[in-house]
Amino acid sequence: MKFTVDATEETKSIRSVVAAPKFESGLDFFVNKLGFKIVMISPADNPNYAILNKDQFTIALDKSAKAQPVFIEIPIEDQSLIGTDLTGPNGTRVEYVPVVKRQNQASDLQPIVHISRANDTQWVHGRAGMSYRSLTGNHNEISVASQIRIKGSGKVDDWVHYHDVSFQTLFCIKGSAKLVYEDQGEPFMFKEGDCILQPPGIRHQVLESFDDLEVIEVTSPADHATFSDFNMELPNSTVAHTRTFNGQQFTHDTPNSREAATYKDSTSMTAYSTSIGEASGNQGWVKEIYSHAKKEKILTPTSIGPEKPLSFFLWFVKQGSAQIEVQERKETLRSGDSICFPYGFLPSMEFSVLNHDSEFKVLEIGF
């Protein structure tokens, strides 16, 4: 059939076919119950085919189609309607769902300690060619901590995107990557020892990775959404380094900007704080902790515990080894191992560093 007038853009869009043997009742269901618009209907007398559109979704209502029933989700902000389930023509199911569909958050989780071993772990494939190792094991109901790696060097199959998070930080432990962020100017190199605070909603993209990139990433909540932004190209024309995104500022912290201080009451460890705390509005922090003890020095055990309850705490051993005592048992943590409190870190759960070697380096992240 050739039109003598131009068809609308909605008419040209890809659509789902909905069989409607009872065409009039089907049209009534979609138009009057669900709020679809009639884009095209044919023929004028006794119609049997219509193209309908709602927001960015288009269907073809067809009286003669033999298609199987479809299931349609309609995102809605009205909490009272969420979960409403309707049945339309030919068994079509329609359900109202939240705008961002999340898994049910677990409640009343008791604080635990989880130790992850580098030699006893599973790597899974993620998006854009990245591999993920969970540092919290299966305990990801609230927050997620991951070791992420990309083998070799080259372009990364990533795109401009952003995350629905409350806290997200990344620390480079090996290799490097070329990154670009909204309002932060030209792409820059994210190198070993660098740390980034990724505020909620900031658009960003990984362009390239080099020399077997490895990153430690901590994110809350664990069940967060990643959105694509097809309208923004990075770098964008605006440069606003002090801009806040939902109360947080982007920061790219490098090792040469950190000042040394004694770690807690330790006689053998030095802490280097990053700018993550200030940039996040003191929601979280990232520190590097180094041994400054010589091999012959007698070490005083150091207690590691919070002054007040924390939501999350992680130690990831970058280098060397240490012996700790946690929950009345002794454990040795080596390079690549981690100890994590994924459901909260209480003052009563403190652990002790009994001794460590002169190469000991650990990454601490908490919020």
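What the table below lists for this structure:
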{"quantity": "Over 28 Å (Cα to Cα) - which of Lys33/Lys66; Lys151/Lys264; Lys12/Lys155 fall in this group", "calculated": "Lys151/Lys264; Lys12/Lys155"}
{"quantity": "Segment 259-286-segment 96-166 distance, computed between alpha-carbon centres (Å)", "calculated": "25"}
{"quantity": "The chain: most fluctuating residue of Lys287, Lys22, Lys151 per GNM, C-alpha cutoff 10 Å", "calculated": "Lys22"}
{"quantity": "Of Ala240, Ala50, Ala145, the one that fluctuates the most in a GNM where the chain has Cα springs shorter than 10 Å", "calculated": "Ala50"}
{"quantity": "Residue-wise HN-Hα coupling along segment 178-190, computed from phi with Karplus coefficients 6.51, -1.76, 1.60 (Hz; x: Gly, Pro)", "calculated": "9, 10, 9, 10, 4, 6, 10, x, 5, x, 9, 8, 9"}
{"quantity": "Carbon and sulfur %, accessible surface of the chain computed with the full protein complex present, 1.4 Å", "calculated": "47"}
{"quantity": "Kirkwood Rh, angstrom, segment 41-186 [1 / mean 1/r, Cα pairs]", "calculated": "21.0"}
{"quantity": "Hull shadow area, averaged, segment 289-367 [alpha-carbon convex hull, nm²]", "calculated": "5.0"}
{"quantity": "Theoretical gain in end-to-end length, Glu77 to Val31 [0.36 nm per residue, Cα-Cα removed]", "calculated": "14.5 nm"}
{"quantity": "Reference-scaled alpha-carbon Rg (2.2 N^0.38 Å with N residues) for the chain", "calculated": "1.30"}
{"quantity": "Principal axis dimensions, largest first and in whole angstrom, of segment 177-281 by Cα", "calculated": "53, 34, 30"}
{"quantity": "Inter-part distance where segment 211-237 and segment 295-353 are each reduced to a Cα centre, Å", "calculated": "29"}
{"quantity": "Most fluctuating residue given options Ser266, Ser13, Ser291, as computed from a GNM of the chain linking Cα atoms under 10 Å", "calculated": "Ser13"}
{"quantity": "5 angstrom amide H check on Tyr263, placed H, neighbours 5+ away", "calculated": "Met269, Thr270, Ala271"}
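The values are calculated or read from the model by the stated rules, or taken from the named source; none is laboratory data. It should be emphasised that the depicted structure is a prediction, and the values quoted were computed from it without experimental measurement. Accessible surface areas use protein heavy atoms only, side chains included; no ligands, DNA or RNA. Shrake-Rupley method; radii C 1.70, N 1.55, O 1.52, S 1.80 Å.
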